[in-house]
Structure formats: C-alpha cells, structure tokens
Amino acid sequence: MAHWLKDRGFDAYAVHGGVLALLGHPAPQVAAVPGRGSPWKAAVAALRHKLYRRYFAGLMLSWTGSWIEAGAFGYVVLLLGGSAATLGLIGFLNTIPNLVLALPAGALADRFDRRKVLFVFQGANMGVAIALALLWATGELNVFLMGVLAFLGGSFGTLSFPAFQAMLASTVPEEDLESAVALNSLSLQLARFIGPAIAGVLLATAGPTWVFSINALSFLAVLLTLPLLPGSREHLVGAVLGVGRSMMDGVRYVFGQRSLASLMMLMILAGLFATPPVAFMIPGLVRFQLHEGATTLGLLISLVGLGSVFGSLALLRLSGRPNKGEPAIASYLLCAAAIAGIGLSTSVPLSFALAVVGGFAGVVFIGLSTVVVQASATHEMRARAMAIWAACFVGVLPIGALVTGGLAAWLGAGGAVAVDGFITLGGGIAVVLARPGVLWLGCAALPETCVAATDPMALAILEEEAEAVAT
C-alpha cells in the first residue's frame, strides 16, 4: 500500500514495508538483535541497559510519590474549608505553568546540563513537599498557601519535564528508544494507579503529614540517581544560543514537519476537550448524571486507571511499529467516542465499561505521540520538541478547564462532557481529512521502512535497485 505523504517540506512517496513490499518481493532477512527476539522482548529491550534501569527505578519511585500527594491534595483542600470552586482554582494554578513555562523549559534543557537542571527544579519541588508537611504538622497550612504551593509545584514540574524526557534518550541506544519511552508510559500509569490508593490508606491511618512527607522522600530517588546518569552540556548545540532564539528554532523545527504539526493539532484538541472531563468532571458525572455516591466515584476513577494500565501494555507492543499513525488515530477517535458516551450515559455499568475503554485508548494515543516526537527529533532538538508537545497538550488544560466549566454551568456535567467528546471526535476527523499524512506518523523518522522516494522518477530508480537486491 502506497500513499503520498507531505513532510519535512517536500512530497514523499510512502510505502508500507519499503520498496520490496511495493514490488511484491519478500523483505530481506535482518539479523536479530541480541535480547530482542520476540515482540515482547523487543518491547522491554530498554531494560537491558543499566543506565536506563537506574533512570526507570528513580522515576518510578518519584512518580509514585507525586501521585500519592495528588491523590490527597484535593481532600486536604476540602479539610481546610475549601469548596468545589476552590478545587478548580487550585487545579488552574497547578497547571497554568505548563502554558507559560513549557517552551522556556525546553530551551533551558538544551542550553544547560540536564542533570543540573533537574537537581535545581526537583530539589525545589522536594522543598515544596517538605513545606506542605511542616505547615500541616504545625497547623499553619491554609487554602491560600495550598494555592501558592500548588503553583510553585506545577512550575518546578514544568521546568523539569523536558530535561527528564531528553535525558531518557541518553540512557539507551537509538534502536531501544521507543521501548524506553513505552516503558516510561507504563511506569507512569502504574504510579497513577497505585499512588492514590496508597494516599487513601495514609490519609485514613496516618494523616496528611505522612502523605506530604513520603512525597518529599520520593524525590530522593531522582536526586540520588542523577549523578549516575550521563551529562549533556558538551553535546548540545542549543547551548550557544539565547533562550529566545532556541525556543523559536524549536517551534520552526517541529511545525516544519507536517506530520508532527498535525499531531500537535490533535494534542491541542486533546488538551482542550478530552482531558478536562477526566480531570475535573468525574465527580459531577457521578453525582448529577448517575445519581451515585463515593463508592461509584472511586470505582469509576479506578477503572479509568485500570484501562490506562492495559493501554500501557498495548503501547509496549505498538511502539515498535514503523507506522504509528494508524493506531494513534484509531485510539484518539475511540477515546473521544468514549468521552462522549460517558457524558450521555445514565447507566452505571455502561459508564464503567466506557471508563476502561477511554483510559485504554487515551494512554495509547498519548504514549504513541510521545514515542513519535522522541524518535523523530534530533538529539539537539529533543528537549525543545517535547516542551512544545507539553505546551500543546498540558499547557492548554487550564483553558479547557474554563471552557468545560462554562459548558457545565449551561448544560450540566453530563452535557459538558458529551460536548467535549463530540468536539474532540469531530476535530480529530477534520485533522485527518485535512492532513492525511498524520496516518503515517513515525514514517518520516524511519525512511528505510516507509518512505520510498521523494518523486516518481526516484521511485523508478529504487525499483531497479530493489529488483537487483531481490535477485
């Protein structure tokens, strides 16, 4: 199967399986890479490398601590006398730094040694967790301080994200990068699934001080791992550029590739309309749409997390596909349909089923988008490319929260979620129709597998070469 694909400023003739597949010849046998025999072994191949195992373990412990705190944060706000509106405001304060600081964070990660960047900002985030623990223990914590610390924590997390993502590539060889990204997604979803459960136990048995203290201790996992990882300063071209110039170069690099630019359009849609229903509207759905209580709320959130874990396992297999566009788009559309369905549903079993489907499909789409950006970006541009990804997806979340809140005031929680789902679905279909090259995400980064030539004349020459190889 062949398609015309516009990317990187030129027309490319994309052929699934390469030129030999187009001619009907079997592909030549490629020697197996040690440790990558079966598909599942290939999916976890990154774990063969000691550097990556250190990175993976440190990040897993830190993420678990962060999700323990996240699972308790809103509850603590309510204990301090906050309202549902207060929760929304604090959520806004925690996420707005992604919109403001994401691009500068990418430039900083390409300008300075990423280990030093992470030492500074992860150490600062550890300080935020310590402050929360001490303020609660001394009875000095209040809603205003929770808002301030939520903003600081969100800022330090945003400034750390591109450095974390770019450092990942230095822990594995190029052929295992996709495996490393997929494993990272799995570890994040496991932490997201486990962390809130631990938070519930700690809140019931020990209180918020222990929740915040354990999160503070979890940052030690990263801070102690960083000296064991390679530095980056001497390799970075961006180090000689100013931050503003570095940011603009990153934007031109990403949006100069049509497939990546199309992916960013989908990320903006997902951040504006697909994430807010999950992040903010589930309690409203349970209370006003399903007319249920806390037990149903807990189950619904857990089922989204369970679907996310299953999605991460699927991502381990899908991340090795040369063409990631088809499963990514299918997952995007399936997630959008599940969100719309949950908004319309008045049946608890149906909502539970859609929660699993939505969690599964959402993680596959987000995970594959991360793999594509990581794999297609050069070493010098990787941090800035991931920063743009974060700005397009997480950065617009505060705006999406305001839009969804306005819809909820007009249509109710169920109506708002349904409208969000249909906008996500319709917007995705429009992007695919306008930019069909998005169905070939990842192929531009793997020309030996997907891109046969840039014009028909060159394709004819490649056909002759392929026939010679086959004979």
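Of the Cα atoms belonging to the stretch 100-149, the radius of gyration and Dmax stand at 14.5, 42 Å. Peptides 329-335, 343-349, ordered by how many other C-beta atoms sit within 10 Å of their residues on average, highest first, read 329-335, 343-349.
Here the extension length gained between Leu217 and Glu175 equals 11.7 nm, from 0.36 nm per residue of separation less the Cα-Cα distance.
When ranked by the protection proxy of mean other Cβ atoms within 10 Å per residue, highest first, what sequence do the peptides 42-51, 375-384, 356-365 form?
Details: 42-51: 18.7, 375-384: 21.8, 356-365: 25.6.
Packing proxy ranking, top to bottom: 356-365, 375-384, 42-51.
The label-point distance for Leu297 and Ala409, in a model that sets each label 7 Å from Cα toward Cβ, rounds to 2.2 nm.
Model label sites at Leu402 and Val201, defined 7 Å from Cα along the beta-carbon direction, differ in position by 4.1 nm. Backbone phi angles across the stretch 396-404, fed through the Karplus curve with coefficients 6.51, -1.76 and 1.60 (θ = phi - 60°), yield HN-Hα couplings of 8, 4, x, 5, x, 5, 5, 5, 5 Hz in residue order; Gly and Pro are listed as x. Multiplying the residue separation of Arg54 and Arg287 by 0.36 nm and removing their Cα-Cα distance gives an extension gain of 79.6 nm. Model label points for Ser347 and Ala261, set 7 angstrom from Cα along the Cα-to-Cβ axis, are 4.4 nm apart.
Mind ordering 97-109, 201-213 by average Cβ neighbours within 10 Å, highest first? Write down the numbers at each step before the final one.
Working: 97-109: 23.9, 201-213: 17.8.
Answer by packing, highest mean first, reads 97-109, 201-213.
Since every read-out is calculated from the coordinates, none of them should be taken as a lab result. Since this is a predicted model, take the numbers as computed values, not measurements. Heads up, the Cβs are rebuilt from the backbone with ideal geometry, glycines too, and the neighbour counts pull from every protein chain shown.
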